[in-house]
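Q: Pasting in a structure now, in structure tokens, and then I'll have a few things to ask.
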Amino acid sequence: MAALLLDKSTRAIVQGITGKVGQAQTHWMLAAGTPLVAGVTPGRGGQVVEGLPVYDTVAGAVQKQGANASVIFVPAGGAREAVFEAIDAGLRLIVVVTEHIPVRDTMEFKARARRADTTVIGPNCPGLFVPGVGKLGIMPASIFQGGAPTGVGVVGRSATLSYEVIANLTGAGLGQTAAVGIGGDPVVCTEFVEVLKLFEADPATRGVALIGEIGGSAEERAAAFIATMSKPVVALIAGRAAPPGRRFGHAGAIIRAGGGGAEQKIRALREAGAAVADTPSQIPGLLKERLS
Amino acid sequence: MIVSEELAKRLLAPYGLPVPPGEVALTPEAAAAVAQKLGGAAFVVKALIPAGGRGKAGGVKVCGSVEAVTEAAEALLGHDLLGHRVARVLVEKAMPIAREIYAGVVANSATDRLDLVVSFAGGMDIERAAQSDSQAVRQLGVEPGDVLPLHRVRQWLRQAKVADVDLEALARVLVTLYRAAADLDANLLEINPLAVLADGTLALLDCKLEIDDNGLSRQPELAEVYRQSLSPRELRARELGVSYVPLDGDIGVITSGAGLGMCTLDLLKQQGLAPANFLDTGGGISESLVKGALELILEPPQVRGAIINLYGGINRMLEAAKGIVAALQTISGKRPLVVKILGNQQEEAWAMLEAVPNVHVIRVVQTEAAVSKLAELLR
């Protein structure tokens with residue numbers, strides 16, 4: 001897989017291309033220059049959507065168009081099978097935009113992806129955007145600024161809060177190398193740590209903005225990796241004002257799967273050497289201090 | 001979704017799991033009638049509330065007579081417990097407990113699988129036992145989508161070296177609980193205690209069940225129960241396709257996305273403002289959705305101002321602006337509304353909204369600016 005997941009060698013398909021959302025988003029992905037080669041909707045093979053040929057199966061798109069990546073807009077009820085199909089067809093990168101997928105289904109396709117060594121991003125995510133290459137997903141192109149030889153990598157759980165941060169980076173003259181929305185569900189297939197590793201290894205990325213939120217322990221795991229990174233990381237944690245969730249049952253406490261409070265995450269990130277912003281618009285300034 | 005104890009037990013009974021006989025009562029008289037019908041000399045009366053820690057808070061009463069059942073029901077019904085008004089009690093036959101086991105099945109985001117969690121130090125002090133002795137808790141799971149085989153559980157239990165428990169029967173109960181949790185799309189299925197009775201048989205004395213809300217689409221019975229549990233405003237939100245959370249303050253909040261929403265609430269707090277509610281539009285922003293959303297968040301009388309914070313992406317923001325204008329035509333009063341909307345057609349949307357009285361448009365990408373503006377208007 002390429003340094004920042006999506007590059008000129010990507011030949012991506014859109015699963016669910018004939019749906020209203022799939023079709024509209026295909027239009028905007030093409031407008032952003034994304035190397036899309038086909039769409040897949042079972043039973044709609046032979047149609048053409050936004051100039052792209054539609055196939056009944058992912059395997060068909062692989063065979064006819066050399067597809068190696070997919071972005072999925074299939075509704076929640078069929079999403080698991082769509083991801084299975086993409087994994088089994090040998091695709092190397094799969095972005096699952098679909099929201100409201102039951103966590104049991106996500107766990108099943110995450111396990112299958114791990115066995116096949118396939119990168120799945122999401123579910124319930126805006127996908128990824130690489131300025132100058134394109135996007136797999138729904139991030140608005142207008143907020144990005146690319147073109148510079150170096151830039152900032154952005155990784156976030158929340159889509160629209162990440163957009164606000166990206167727009168602020170652009171407004172402050174800090175261009176981006178890539179943005180990855182990992183998704184807001186309790187189980188996501190690619191976590192902060194994997195994306196941080198890509199940014200750490202990418203020669204064009206000089207620093208990272210990380211947008212986390214309360215719940216789970218992904219930010220704590222990210223902190224452990226940030227402690228080993230050479231590049232500066234500035235983080236934002238949403239949900240500091242949220243009341244502590246009432247506990248129901250003992251399982252979380254006895255298997256130590258709890259955690260998730262904002263203060264705990266902020267402390268872990270600061271101890272790892274990351275700067276933690278109080279507001280989204282502080283992020284560019286904090287990054288500039290650390291990049292100069 | 002938290003499933004009440006009696007419904008959870010009703011869902012587990014068809015699996016052949018040993019659930020004690022009992023019925024729900026809404027009045028002390030009905031509770032006594034249930035006890036009469038159950039027969040025997042000992043009963044348990046339990047407050048049906050969606051909260052943990054109920055036993056320690058006095059929500060479970062053991063009764064030695066039908067009269068005591070009436071008194072226990074009187075003491076619980078209509079009273080507040082752990083922040084919930086008790087409207088129903090569950091009356092069950094009391095079981096002679098020889099030993100308490102903890103059994104849980106949890107969708108574990110740290111291991112990405114359903115984990116079966118068992119401790120032979122069950123009961124109300126399970127957490128302390130787990131902390132003082134890590135050996136006390138056993139955790140087992142299989143690759144998601146796989147079946148947990150009985151022989152693995154049997155072998156796993158044998159390592160525990162407990163004498164006075166029928167491990168074969170326990171293994172069967174645990175395997176069945178694991179299967180039921182997967183079938184029901186449970187985030188948590190917890191039996192504490194899973195009791196070993198005086199005669200050596202097992203019984204599921206308590207049951208906590210929390211269902212993945214995203215799994216309700218394939219759990220029709222539970223989806224209907226969930227619908228009926230919603231307030232009228234929550235139902236309207238559901239019909240609009242948005243998520244709505246009522247809160248304690250006096251500022252209405254609409255955002256596109258939960259993360260941006262949490263961040264907006266954080267910034268309101270920094271300005272000393274408290275949200276009355278929080279509505280997340282999700283992805284598809286249309287005129288009718290925004291109109292319905294604004295009507296919903298401005299409806300509680302304590303709301304003295306509101307903020308709309310939207311990133312439309314490819315959605316046409318002129319539609320959102322029309323929705324705001326349409327909603328304000330149906331709502332009286334002069335409460336300030338700060339609007340920060342970005343996306344396709346944003347300039348047209350701003351121009352339309354800047355002509356509306358009491359609406360303040362924020363043309364920059366900083367949510368802080370919108371929150372500060374609202375604070376200033378309310379000062």
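Q: Being touching a residue at least 40 places away in the same chain (Cβ under 8 Å), surrounded by fewer than 16 Cβ atoms within 10 Å (Cβ to Cβ) and more than 22 Å from the chain's Cα centre (by Cα) is the requirement here; does residue B:200 meet it?
A: Working: touching a residue at least 40 places away in the same chain (Cβ under 8 Å): yes; surrounded by fewer than 16 Cβ atoms within 10 Å (Cβ to Cβ): yes; more than 22 Å from the chain's Cα centre (by Cα): yes.
Criteria met by residue B:200.
Q: Right, here's the next one. Taking the criterion of being more than 19 Å from the chain's Cα centre (by Cα), under 30 Å from residue B:147 (Cα atoms) and within 14 Å of chain A (Cβ to nearest Cβ), would at least one residue in region B:53-61 satisfy it?
A: For region B:53-61, residues more than 19 Å from the chain's Cα centre (by Cα), under 30 Å from residue B:147 (Cα atoms) and within 14 Å of chain A (Cβ to nearest Cβ): absent.
Q: Name the pairs: first residue in region B:70-88 and away from every other protein chain (no Cβ under 14 Å) and over 16 Å from residue B:35 (Cα atoms), second residue among the acidic types (Asp, Glu) and outside any loop (DSSP other than H, G, I, E, B), Cβ to Cβ under 9 Å, at least 6 apart or on different chains?
A: Listed pairs, sorted by first residue: B:86/B:80.
Q: Separate question: Can you tell me which residue within region B:139-163, out of those that are of a type in the set (Val, Ile, Thr) and outside any helix (DSSP H, G or I), is nearest to the other protein chains (Cβ to nearest Cβ)? Step through it out loud before you land on a result.
A: The initial filter retains those residues of region B:139-163 that are of a type in the set (Val, Ile, Thr), namely B:142, B:147, B:153, B:162.
Filter once more, so that each one left must be outside any helix (DSSP H, G or I): B:142, B:147, B:162.
Numbers: B:142: 10, B:147: 13, B:162: 18 Å.
Here the answer is B:142.
Q: I need a count of the residues in region B:211-265 that are aliphatic (A, V, I, L, M), part of a strand (DSSP E or B), within 17 Å of the chain's Cα centre (by Cα) and under 23 Å from residue B:336 (Cβ atoms).
A: The qualifying residues number 1.
Q: Here's something else I'd like to know. Conditions: (1) surrounded by fewer than 18 Cβ atoms within 10 Å (Cβ to Cβ); (2) in contact with a Leu (Cβ under 8 Å, 6 or more places away or on another chain); (3) farther than 27 Å from residue A:139 by Cα. Residue B:330 meets all but one. Number of the miss?
A: Here residue B:330 meets the rest and fails (2).
Q: If you check B:254, B:191, which single one turns out to be touching a Gly at 6+ places or on another chain (Cβ under 9 Å), in contact (Cβ under 8 Å) with a residue 24 or more places away in the chain and away from every other protein chain (no Cβ under 11 Å)?
A: Details: B:191 fails: away from every other protein chain (no Cβ under 11 Å).
Testing whether each residue is touching a Gly at 6+ places or on another chain (Cβ under 9 Å), in contact (Cβ under 8 Å) with a residue 24 or more places away in the chain and away from every other protein chain (no Cβ under 11 Å) leaves just B:254.
Q: Right, next: Out of the residues in region B:106-138 that are more than 8 Å from chain A (Cβ to nearest Cβ) and touching a Leu at 6+ places or on another chain (Cβ under 7 Å), state the one that is farthest from residue B:201 (Cα to Cα).
A: If we take residues in region B:106-138 being more than 8 Å from chain A (Cβ to nearest Cβ) and touching a Leu at 6+ places or on another chain (Cβ under 7 Å), then B:116 is farthest from residue B:201 (Cα to Cα).
Q: Sticking with this one: Filter region A:204-214 down to the residues that are more than 17 Å from the chain's Cα centre (by Cα) and either among the small types (Gly, Ala, Ser) or at pLDDT 95 or above (or both) and list them by number. I'd like the intermediate steps shown before the answer.
A: Within region A:204-214, the first condition is being more than 17 Å from the chain's Cα centre (by Cα), and the residues that meet it are A:204, A:206-207, A:214.
Within region A:204-214, A:204, A:206, A:207 qualify.
Q: Still on this structure, I have one more. Would it be correct to say that residue A:106 is hydroxyl-bearing (Ser, Thr, Tyr) and either assigned to a loop (DSSP other than H, G, I, E, B) or not assigned by TED's automatic domain parsing to the domain that holds residue A:83 (or both)? Give the steps one after another, and end with the answer.
A: Values: hydroxyl-bearing (Ser, Thr, Tyr): yes; either assigned to a loop (DSSP other than H, G, I, E, B) or not assigned by TED's automatic domain parsing to the domain that holds residue A:83 (or both): no.
For residue A:106, the condition - hydroxyl-bearing (Ser, Thr, Tyr) and either assigned to a loop (DSSP other than H, G, I, E, B) or not assigned by TED's automatic domain parsing to the domain that holds residue A:83 (or both) - is not met.
Q: Among the residues of region B:47-83, which ones are in contact with a Leu (Cβ under 9 Å, 6 or more places away or on another chain) and surrounded by fewer than 17 Cβ atoms within 10 Å (Cβ to Cβ)?
A: B:53, B:57, B:58
Q: Residue A:42 - would you say it is part of a strand (DSSP E or B), more than 14 Å from every other protein chain (Cβ to nearest Cβ), surrounded by fewer than 24 Cβ atoms within 10 Å (Cβ to Cβ) and at negative phi? Give the steps one after another, and end with the answer.
A: Details: part of a strand (DSSP E or B): no; more than 14 Å from every other protein chain (Cβ to nearest Cβ): yes; surrounded by fewer than 24 Cβ atoms within 10 Å (Cβ to Cβ): yes; at negative phi: yes.
No, not satisfied.
Q: For region B:91-106, state whether one or more residues are under 30 Å from residue A:190 (Cβ atoms) and not small (Gly, Ala, Ser). Break it down into steps so the answer makes sense when it comes.
A: Filtering region B:91-106 down to residues under 30 Å from residue A:190 (Cβ atoms) leaves B:104-106.
Adding the requirement that they be not small (Gly, Ala, Ser) leaves B:105-106.
Checked region B:91-106: at least one residue is under 30 Å from residue A:190 (Cβ atoms) and not small (Gly, Ala, Ser).
Q: Of the numbered conditions (1) crowded, with 18+ Cβ neighbours inside 10 Å; (2) in a helix (DSSP H, G or I), residue A:115 fails exactly one; give the number of that condition.
A: Only one criterion in (1) crowded, with 18+ Cβ neighbours inside 10 Å; (2) in a helix (DSSP H, G or I) is unmet by residue A:115, namely (1).
Q: Say whether the condition of being of a type in the set (Asp, Glu), surrounded by fewer than 20 Cβ atoms within 10 Å (Cβ to Cβ) and in contact (Cβ under 8 Å) with a residue 60 or more places away in the chain is met by at least one residue in region B:9-28. If you could, list the steps in order and put the result at the bottom.
A: Residues of region B:9-28 that are of a type in the set (Asp, Glu), as a first pass: B:23.
Then keep just the ones that are surrounded by fewer than 20 Cβ atoms within 10 Å (Cβ to Cβ); that gives B:23.
Imposing the further condition that a residue be in contact (Cβ under 8 Å) with a residue 60 or more places away in the chain reduces the set to B:23.
There is at least one residue in region B:9-28 that is of a type in the set (Asp, Glu), surrounded by fewer than 20 Cβ atoms within 10 Å (Cβ to Cβ) and in contact (Cβ under 8 Å) with a residue 60 or more places away in the chain.
Q: Hey, can you tell me all the residues within region A:173-226 that are of a type in the set (Asp, Glu), more than 10 Å from chain B (Cβ to nearest Cβ) and crowded, with 23+ Cβ neighbours inside 10 Å?
A: A:219
Q: Follow-up question, since we're still on this one. If we scan region B:92-102, do we find a residue that is out of contact with any Ser or Thr (no Cβ under 9 Å at 6 or more places or on another chain), surrounded by 14 or more Cβ atoms within 10 Å (Cβ to Cβ), closer than 19 Å to residue B:211 by Cβ and modelled with pLDDT under 95?
A: no
Q: Hey, can you tell me all the residues within region B:263-283 that are within 11 Å of residue A:160 (Cβ to Cβ), free of Cβ contacts under 8 Å to residues at least 40 places away in the same chain and surrounded by 24 or more Cβ atoms within 10 Å (Cβ to Cβ)? Spell out the reasoning first.
A: To start, the set of residues in region B:263-283 that are within 11 Å of residue A:160 (Cβ to Cβ) comprises B:263-264, B:280-283.
Keeping just the survivors that are free of Cβ contacts under 8 Å to residues at least 40 places away in the same chain gives B:280-281, B:283.
B:281 - this is the single residue of region B:263-283 that is within 11 Å of residue A:160 (Cβ to Cβ), free of Cβ contacts under 8 Å to residues at least 40 places away in the same chain and surrounded by 24 or more Cβ atoms within 10 Å (Cβ to Cβ).
Q: Would you check which residues across region B:351-362 are over 23 Å from residue A:168 (Cβ atoms) and either in contact with a Pro (Cβ under 9 Å, 6 or more places away or on another chain) or not in a helix (DSSP H, G or I) (or both) and list them?
A: B:355, B:356, B:357, B:358, B:359 - these are the residues of region B:351-362 that are over 23 Å from residue A:168 (Cβ atoms) and either in contact with a Pro (Cβ under 9 Å, 6 or more places away or on another chain) or not in a helix (DSSP H, G or I) (or both).
Q: Has region B:164-185 got at least one residue that is in contact with a Gly (Cβ under 7 Å, 6 or more places away or on another chain) and within 11 Å of chain A (Cβ to nearest Cβ)?
A: yes
Q: Quickly run through region A:118-169 and pick out the residues that are more than 14 Å from chain B (Cβ to nearest Cβ), under 9 Å from the mean Cα position of the chain (by Cα) and among the β-branched types (Val, Ile, Thr).
A: A:121
Q: Let me ask something else about it. Does residue A:260 count as of a type outside the set (A, V, I, L, M, F, W, C) and modelled with pLDDT under 95?
A: On the way: of a type outside the set (A, V, I, L, M, F, W, C): yes; modelled with pLDDT under 95: yes.
In short, yes.
Q: On to the next question. Collect the residues in region A:87-103 that are within 14 Å of chain B (Cβ to nearest Cβ) and assigned to a strand (DSSP E or B), keeping them in residue-number order.
A: Within region A:87-103, A:96 is the sole residue that qualifies.
Q: Restricting to region B:219-244, name every residue that is within 12 Å of chain A (Cβ to nearest Cβ) and either buried (at least 16 other Cβ atoms within 10 Å of the Cβ) or touching a Ser or Thr at 6+ places or on another chain (Cβ under 7 Å) (or both). Outline the logic, then answer.
A: Step one: filter region B:219-244 for residues within 12 Å of chain A (Cβ to nearest Cβ), giving B:219, B:241, B:243.
Matches in region B:219-244: B:219, B:243.
Residue by residue, here is whether (1) at positive phi; (2) in a loop (DSSP other than H, G, I, E, B); (3) away from chain A (no Cβ under 14 Å); (4) in contact with a helix residue (DSSP H, G or I) (Cβ under 8 Å, 6 or more places away or on another chain) holds:
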residue: B:302; (1), (2), (3), (4): no, yes, yes, no
residue: B:310; (1), (2), (3), (4): no, no, no, yes
residue: B:318; (1), (2), (3), (4): no, no, yes, yes
residue: B:322; (1), (2), (3), (4): no, no, yes, yes
residue: B:327; (1), (2), (3), (4): no, no, yes, yes
residue: B:332; (1), (2), (3), (4): no, yes, yes, no
residue: B:338; (1), (2), (3), (4): no, no, yes, yes
residue: B:341; (1), (2), (3), (4): no, no, no, yes
residue: B:349; (1), (2), (3), (4): no, no, yes, yes
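The values are calculated or read from the model by the stated rules, or taken from the named source; none is laboratory data. Note that the coordinates shown come from a computational prediction; the quantities given were computed from them, not determined experimentally. Because the Cβ atoms are built from the backbone with ideal geometry, glycine has one as well, and the counts that use them run over all protein chains shown.
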